[in-house]
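Notes to accompany the following structure.
The values are calculated or read from the model by the stated rules, or taken from the named source; none is laboratory data. Computed from a prediction, not measured in an experiment: that's the story for all the values here. Cβ sites come from the backbone with ideal geometry, for glycine too, and all protein chains shown count toward neighbours.
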Amino acid sequence: MATNLVVRNVEEDVALALKQVAASHGRSAEAEHREILRYTLRRPPRRPLAEVLASMPNVGEDSDFDTRHHAS
């Protein structure tokens, strides 16, 4: 069941930006607002940086990635 949602006191520059983005996507401001809410609220939660780094495979030693050329 759909519900009506009213957003009050939106700054003019934010409302204008919403209208511009909506126009660039060929939608009304109301349809763009729905899409923004849908996208934002249904996306998977962000993983903490520590978790992302811990999940990276061990692909070598730090020296393997040294791009400085040492003169012999």
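Of everything in region 39-56, what is of a type in the set (D, E, K, R) and assigned to a helix (DSSP H, G or I)? Give them in sequence order.
Arg42, Glu51
Would you please name the residue that is nearest to Asn4 (Cα to Cα), looking only at residues in region 34-51 that are at pLDDT 90 or above and among the basic types (Lys, Arg)?
Out of the qualifying residues, it is Arg34.
Exactly one condition in (1) part of a helix (DSSP H, G or I); (2) among the hydrophobic types (A, V, I, L, M, F, W, C); (3) modelled with pLDDT under 90 is false for Val59; which is it?
(1)
Go through Ala54, Ala31, Ala15 for me and flag whichever is exposed (fewer than 11 other Cβ atoms within 10 Å of the Cβ) and modelled with pLDDT of 85 or more.
Exactly one residue qualifies, and that residue is Ala54.
Pairs needed: first member in region 1-21, assigned to a helix (DSSP H, G or I); second member anywhere, modelled with pLDDT of 90 or more and hydrophobic (A, V, I, L, M, F, W, C); C-beta distance under 6 Å; at least 6 residues apart or different chains.
Hits for this filter: Leu18/Ala29; Lys19/Ala29.
Is region 24-38 home to any residue that is in a loop (DSSP other than H, G, I, E, B) and of a type in the set (A, V, I, L, M)?
Scanning region 24-38 turns up no residue that is in a loop (DSSP other than H, G, I, E, B) and of a type in the set (A, V, I, L, M).
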